[in-house]
Structure formats: structure tokens, C-alpha cells
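My structure is below; once you've seen it, I'll send some questions.
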Amino acid sequence: MNEPLYELMRLGIALAGAFIAMVWAALVLWVYRDSQSRSEGFLPTLLATSLVGSTFVVGWAIYMMLRPRQTLMEAYRGELQHREALLASTSGELCPACSTRVMPDFRLCPNCGTEVKQPCDVCKRPVRSSWNLCPYCGHVRSRSAAPVEEA
Ligand SMILES: [Zn+2]
Ligand SMILES: [Zn+2]
């Protein structure tokens, strides 16, 4: 093998080595940040970074398969949305006439004035016209309206 070609090969290998080392370091850094945003505590991050640090792309591929699907921020947002939906489904009601959201203690729809609840005869708290008794004081309501259909 002649000298210049050998030098060129050595240079090429050195460059390739430096390039791989850079990619490796970047990958470890990326995994470090990514796992920190996805899991709480230091251990998962330590495991992930040492995995990628020792096995390079193989470890990275394993990490990509095993990492939590959501980041902590996404999980937090999802939880928030879930809670809002739950709150809306339990506390919020829709006006039967105009579908405006009415709060549980509203007696009239703030938009169209439809009476969504009537005050209890005893405790005066808002009770839905479809309820048989007052959920606050247990007063059985005298109902002039049609009886509720049995399920
Ligand atoms: Zn309304
Ligand atoms: Zn009552």
C-alpha cells in the first residue's frame, strides 16, 4: 500500500470516528433530555442514557421502543382535560332550550331564562324538575308533572 493512500485512509477513519463520536454524544444528550421530559426521578434517565452510551443506536432503538408514550407535560395536559371533561359532565348542565351551560345552582338559564331548576319547598335549594326528591334535604316533592319513566 502506498503512503498517500494510507494517510488518506487514516484521515478518513479518524473523521468517521469523530463523526460517530459526535453523533453518539448528541444521541446520549438527546436521550437524556427526552427521558427527563417523559419520566420523573433520575433512575429512568440514568438507565436510558447509560444504555445509549454503551450500545449507541441499538440502545437508542430500545429506548425509542420502551420510552413513555407521553411527555410529562402532555400527560399533565391530558389529565387536566380529563378533569375538565369530568367536571363538565358532573357539574355542568345544558339548558334544555338553548344548550347554554348552566351551573348546578342556577335556577334559570342565564341566556334564555328557561327554568332549569325549581327551589325545594323546604330548603329552597335548586332542584331539577325531573327529580323525585330534593337531594339536599330529602324532601319528597309533590309533583304535578308526568311521572318519570321507569328504566
Ligand atoms: Zn337557555
Ligand atoms: Zn330541599
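Read the figures in this text as sums done on the coordinates, not as results from a lab. All figures in this text were calculated on a predicted structure; none of them were measured in a lab. Neighbour counts run over all protein chains shown; Cβ positions are idealised from the backbone, glycine included.
Taking K and R as +1 and D and E as -1, what net charge do the other residues with C-beta under 11 Å from the C-beta of residue 48 add up to?
Its environment carries a net charge of +2.
Work through the residues other than residue 124 whose Cβ is under 14 Å from its Cβ and net out their charges, Lys, Arg +1 and Asp, Glu -1.
+2
Let me ask you something else. Could I have the simple spin-label model distance between residue 130 and residue 71, label points 7 Å from Cα toward Cβ, reported in nm to one decimal?
It works out to 4.3 nm between the two label points.
Sort all Cα-Cα distances of the stretch 3-70 into consecutive 5 angstrom bins from zero, then give the percent of pairs in each bin up to the one containing the longest distance.
Pair shares across the bins are 4, 18, 23, 18, 11, 8, 7, 6, 4, 2, 1, 0.
Oh, and also: Could you please rank 63, 136, 32, 6, placing first whichever residue has the fewest other Cβ atoms within 10 Å of its Cβ?
6, 136, 32, 63
If you average over every viewing direction, what projected area does the convex hull of the Cα atoms of the chain give, in nm²?
18.2
Hey, another quick one. Apply the Karplus parameterisation 6.51 cos²θ - 1.76 cosθ + 1.60, with θ equal to phi minus 60°, to every residue of the stretch 70-83 and state each ³J(HN,Hα) to the nearest whole Hz, in sequence, with x for glycine and proline.
Going residue by residue, I get 9, 6, 4, 5, 5, 4, 5, 4, x, 4, 5, 5, 4, 5 Hz, with x marking Gly and Pro.
Would you work out the relative contact order for the chain, in percent, from Cα pairs under 8 angstrom that are 6 or more residues apart? Mind dumping the intermediate values first?
Working: 132 pairs, mean separation 14.8, N = 151.
Value for the chain: 10 percent.
Using the Cβ atoms and a cut-off under 15 Å, what net charge is assigned to the surroundings of residue 60, where Lys and Arg are +1 and Asp and Glu are -1?
+2
Place +1 on the Cβ of every Lys and Arg and -1 on the Cβ of every Asp and Glu in the chain, take the dipole about the Cα centre, and give the residue among 100, 119, 80 whose Cα lies farthest towards its positive end.
So the residue we want is 119.
In 10 Å bins starting at zero, report the fraction of Cα pairs in the stretch 85-142 per bin as a rounded %.
25, 48, 26, 1
Treating the angle as unsigned and between 0 and 90°, give the value, to the nearest 10°, between the Cα long axis of helix 3-38 and the longest Cα principal axis of the chain.
With both axes taken from Cα atoms, the answer is about 20 degrees.
If you take the beta carbon distance between residue 56 and residue 7 as r and set R0 to 35 Å, what does 1/(1 + (r/R0)^6) give as a FRET efficiency, to the nearest 0.05?
0.80
Run the helix sum for the chain: -39,500 (n - 2.57) per DSSP H stretch of 4+ residues, divided by residue count, reported at 222 nm to the nearest 500 deg cm²/dmol.
Rounded to the nearest 500, the figure is -17500 deg cm²/dmol.
May I ask you to derive the relative contact order of the stretch 3-70, considering only C-alpha pairs under 8 Å and at least 6 residues apart, and to give it as an integer percent?
Relative CO of the stretch 3-70 lands at 27 percent.
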